[in-house]
1. Output the number of residues of the stretch 84-124 satisfying the condition of being among the β-branched types (Val, Ile, Thr), within 20 Å of the chain's Cα centre (by Cα) and in a helix (DSSP H, G or I).
2. Name every residue in the stretch 32-56 that is of a type in the set (Gly, Ala, Ser) and either buried (at least 19 other Cβ atoms within 10 Å of the Cβ) or in a loop (DSSP other than H, G, I, E, B) (or both), in order of residue number.
3. Quick check on this structure: which one of 157, 208 is among the aliphatic types (A, V, I, L, M) and over 21 Å from the mean Cα position of the chain (by Cα)?
4. Could you tell me which numbered condition residue 81 fails, if it satisfies all but one of (1) β-branched (Val, Ile, Thr); (2) farther than 20 Å from residue 164 by Cα; (3) buried (at least 21 other Cβ atoms within 10 Å of the Cβ)?
5. Select from the stretch 140-166 the residues that are without any contact (Cβ under 8 Å) to a residue 40 or more places away in the chain and in contact with a helix residue (DSSP H, G or I) (Cβ under 7 Å, 6 or more places away or on another chain) and write down the one among them that is surrounded by the most Cβ atoms within 10 Å (Cβ to Cβ).
6. Keeping to the stretch 125-139, report how many residues are closer than 13 Å to residue 164 by Cα and in contact (Cβ under 8 Å) with a residue 60 or more places away in the chain.
7. Going by the conditions given, is residue 43 of a type in the set (S, T, N, Q) and closer than 23 Å to residue 205 by Cα?
8. Within the stretch 173-222, which residues are in contact (Cβ under 8 Å) with a residue 60 or more places away in the chain and touching a helix residue (DSSP H, G or I) at 6+ places or on another chain (Cβ under 8 Å)?
Amino acid sequence: MPAGYSIPELIEQEKRCIEVPCVYDYGSARAVELAGYKAMLLSGGEVGEILGGLSESEMCESELLFMASHICAASPLPLIIDCGCFTPDAPAVYRWSRKFMDAGAMALLIEDEENVDRETFLKMIRAALKACEGSRCVVMARTNRPLDTQEEIDYAVDLLNTAMDLGAYMSMACSQNNAQIARVIGQRVKGLKMYPDQNSVDGIPEVVNEEIYPYGFAMISYHYTLKTAMANMIEYGRRNLAAGNNVPSNELRLPNGYTGASALSLFDYQKKYDEQAEYTGERRLFKIPGENGKILSTEGMK
């Protein structure tokens with residue numbers, strides 16, 4: 001399913017700092033869609049976690065592409081790809097950028113690491129830009145270098161500005177962690193920016209979205225999907241064990257009002273059945289076990 005709109009179209013329409021949650025599979029992508037988000041970011045780190053606790057340096061591009069292709073095939077939201085596992089070689093970046101773009105990705109977050117020098121990174125940016133030429137997919141330039149000293153800030157600013165001059169659509173300085181650094185980056189780095197991995201302390205976010213938007217921060221990313229999924233799986237696992245049955249999880253009411261043993265009702269299988277009817281000539285109703293064991297239809301559900 002092609003995304004319903006591109007990242008530039010979304011930013012032009014919203015005119016605010018857009019919240020972009022990190023996802024790791026289609027289930028998490030579906031959850032952020034139903035929650036009301038307008039875009040999402042495929043986290044290389046969290047994909048690695050669900051693949052067995054892998055670090056991004058242990059992952060390969062094909063593992064990330066497998067997950068991205070399934071998300072893009074089913075979700076209408078534009079997907080940004082965290083390309084941290086990309087081999088830092090320009091021809092390889094071009095090849096994999098083409099594959100992710102062809103799969104439906106709407107943005108590629110091309111990043112450096114401490115072992116990637118300036119010229120290598122800029123070659124990666126140029127390769128990704130060439131791969132995405134003429135498509136709706138944009139390139140975002142990301143540096144993971146620390147921002148603890150003036151020298152490090154100057155390096156990051158120069159690197160990101162050069163990437164923007166080459167044609168990158170947006171930039172991210174990944175080591176930002178407070179409003180002061182955000183103002184510095186916002187004032188010195190040209191064009192649009194994404195604030196990375198927003199956190200909080202004692203109920204207070206490290207930056208306020210409305211305050212950093214005037215500095216060019218059109219997007220802000222954060223993690224929540226895998227953490228809250230794991231927390232709830234552990235919690236209801238403990239409740240089920242204590243009860244000696246699955247009553248606690250089975251009677252948990254989903255946001256759409258359904259109960260039952262699984263999350264089937266949150267996925268639009270009826271739409272899939274209706275699409276199949278166009279070539280089979282037979283229309284079926286998708287039914288799931290529901291409340292009190294009744295068989296319920298998902299026809300018409302969103």
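Nothing in this text is a laboratory measurement; each read-out follows from the coordinates by a stated rule. A quick note: this is a predicted structure, and the numbers were derived from the prediction, not measured. Cβ placement follows ideal geometry from the backbone for every residue including glycine, while neighbour counts extend to all protein chains displayed.
1. 1
2. Quick first cut of the stretch 32-56, residues of a type in the set (Gly, Ala, Ser) only: 35-36, 39, 43-45, 48, 52-53, 55.
Correct list: 36, 39, 43, 44, 48, 52, 53, 55.
3. 157
4. (2)
5. Looking at the filtered set, the residue picked out is 141.
6. Matching residues across the stretch 125-139 total 1.
7. Details: of a type in the set (S, T, N, Q): yes; closer than 23 Å to residue 205 by Cα: yes.
Considered against the rule, which asks whether it is of a type in the set (S, T, N, Q) and closer than 23 Å to residue 205 by Cα, residue 43 comes out as yes.
8. Result: 192, 195, 212, 217, 218, 219, 220.
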